[in-house]
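Report on one structure; see the data block that follows.
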Amino acid sequence: MISKTFPRRRALALASVLTGALTLTACGSGDGDGKGEGGGDAAKTRTVKTAMGDVQVPDTPQRVVVLDTAELDSVVTLGVTPVGATRFDTPTGLPAHLPAEKVKGVKTVGEMADPNLEAIIALKPDVILTSKLRHGDKYAELKKIAPTVMTETTGLPWKENFLVHAEVLNKKAEAQRAIDAYTARAAEVTAALGGKEKAARTEVNMVRFIEGSDIRIYGKENYIGTILADVGLGRPAITEKAEDGFMLNVSPEKIDLAAADVIFHSTIGDPKKAKATEVLGGPLWKNIPAVKAGKAHAVTDELWIQGIGYTAATLILGELQTALTA
């Protein structure tokens with residue numbers, strides 16, 4: 001009996017809490033006179049265009065919840081510490097490459113694929129950031145908790161999404177500084193490689209081993225692809241075969257298709273179950289010229305693939321320069 005009734009009771013309780021959250025949001029939305037509970041600009045709102053239509057957000061959001069790594073990188077880059085974020089597979093529950101002082105005190109609100117709505121409600125956010133790709137099916141529930149800003153997708157349009165996040169947080173000046181710093185750093189890496197023409201002659205591939213899935217050779221239309229393009233690095237012909245420019249799935253028997261002047265590879269999940277142990281220790285991989293020449297580099301998946309933001313991208317630029325100039 002308990003196994004049947006508990007989920008229903010929990011669902012009813014959550015629905016009640018959501019209704020309460022919606023009522024509180026409506027009562028505290030303000031009329032634009034700038035006289036909220038804290039005075040000043042607390043009650044002012046602005047309209048932001050999102051993948052789900054126009055959304056009214058507080059003029060200066062203070063309590064931000066982020067539901068994916070891209071949004072987390074954005075707010076940290078903009079100098080904001082979110083009150084909540086979905087859990088990441090690290091000891092702290094947050095990406096290890098983010099400065100500890102900038103994510104201190106952030107509460108976890110469930111898994112990225114299944115955010116805990118009750119935990120989000122408990123944090124009393126005044127804005128929630130995510131994407132339609134990740135949580136479009138939960139939009140109706142999320143917007144009852146707080147104004148929810150969704151970009152269409154994640155990954156490839158990370159620079160455009162960052163500008164949306166900056167607009168939501170009213171941090172346009174900070175955003176421009178981050179963009180300028182990244183652009184300058186990318187130019188430095190290009191110069192360190194011998195200039196644009198020499199960089200273009202160096203073909204780079206990105207390989208990802210994934211537990212429970214095929215091995216991926218990344219094309220140009222993704223987060224890491226944009227960073228390699230910003231440095232001006234060349235990409236091998238195999239990347240033209242990537243589906244929608246994103247990736248090409250290969251089996252361990254086809255790993256030699258990853259051949260390039262330089263190969264970077266990452267693993268998510270158990271290396272054995274992701275076939276990384278098998279492939280990286282096998283003859284096909286070891287006979288790839290770049291591998292034989294010591295130009296295959298293991299990198300951190302959470303940074304190179306999942307970072308999806310300017311803080312992560314700047315760190316990647318540093319690792320690129322180190323690997324390609326060694």
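Among the criteria (1) farther than 20 Å from T300 by Cα; (2) outside any strand (DSSP E or B); (3) not acidic (D, E), the one V149 does not fulfil is (2).
Scanning the stretch 122-170 for residues that are within 15 Å of the chain's Cα centre (by Cα), of a type in the set (K, R) and within 17 Å of V55 (Cα to Cα) yields one hit, K132.
The set of residues in the stretch 197-228 that are within 18 Å of L317 (Cβ to Cβ), assigned to a strand (DSSP E or B) and β-branched (V, I, T) contains only V204. Candidates T267, T239: the one that is among the polar types (S, T, N, Q), under 30 Å from T90 (Cα atoms), in the same structural domain as Y218 (by TED's automatic domain parsing) and not in a loop (DSSP other than H, G, I, E, B) is T267. Going by the conditions given, is A290 more than 22 Å from F162 (Cα to Cα) and either at pLDDT below 95 or outside any loop (DSSP other than H, G, I, E, B) (or both)? Considered against the rule, which asks whether it is more than 22 Å from F162 (Cα to Cα) and either at pLDDT below 95 or outside any loop (DSSP other than H, G, I, E, B) (or both), A290 comes out as yes.
For the stretch 153-182, a residue qualifies if it is more than 23 Å from D126 (Cβ to Cβ), touching a residue at least 12 places away in the same chain (Cβ under 8 Å) and not in a loop (DSSP other than H, G, I, E, B), and the qualifying residues are W158, K159, I179, A181, Y182. Please go through the stretch 96-121 and give me each residue that is more than 15 Å from the chain's Cα centre (by Cα), within 27 Å of T300 (Cβ to Cβ) and of a type outside the set (A, V, I, L, M, F, W, C), ordered by number. Correct list: P99, E101, K102, K104, G105, K107, T108, G110, D114, P115, N116. Annotation note: of N170, N222, N205, the sole residue that is farther than 22 Å from H265 by Cβ and modelled with pLDDT of 95 or more is N170.
Going by the conditions given, is R87 farther than 15 Å from T311 by Cβ, surrounded by fewer than 23 Cβ atoms within 10 Å (Cβ to Cβ) and in contact with a strand residue (DSSP E or B) (Cβ under 7 Å, 6 or more places away or on another chain)? Against the criterion (farther than 15 Å from T311 by Cβ, surrounded by fewer than 23 Cβ atoms within 10 Å (Cβ to Cβ) and in contact with a strand residue (DSSP E or B) (Cβ under 7 Å, 6 or more places away or on another chain)), R87 qualifies.
Of all the listed residues (R185, R208), the sole one being in contact with a strand residue (DSSP E or B) (Cβ under 6 Å, 6 or more places away or on another chain), surrounded by 16 or more Cβ atoms within 10 Å (Cβ to Cβ) and charged (D, E, K, R) is R208.
Would you confirm whether any residue within the stretch 57-64 is crowded, with 17+ Cβ neighbours inside 10 Å and among the aliphatic types (A, V, I, L, M)? Within the stretch 57-64, one or more residues are crowded, with 17+ Cβ neighbours inside 10 Å and among the aliphatic types (A, V, I, L, M).
The values are calculated or read from the model by the stated rules, or taken from the named source; none is laboratory data. Bear in mind that the values here come from a model prediction, so they are computed numbers and not experimental data. Using ideal geometry, Cβ is built from the backbone for each residue, glycine included, and neighbour counts are taken over all protein chains shown.
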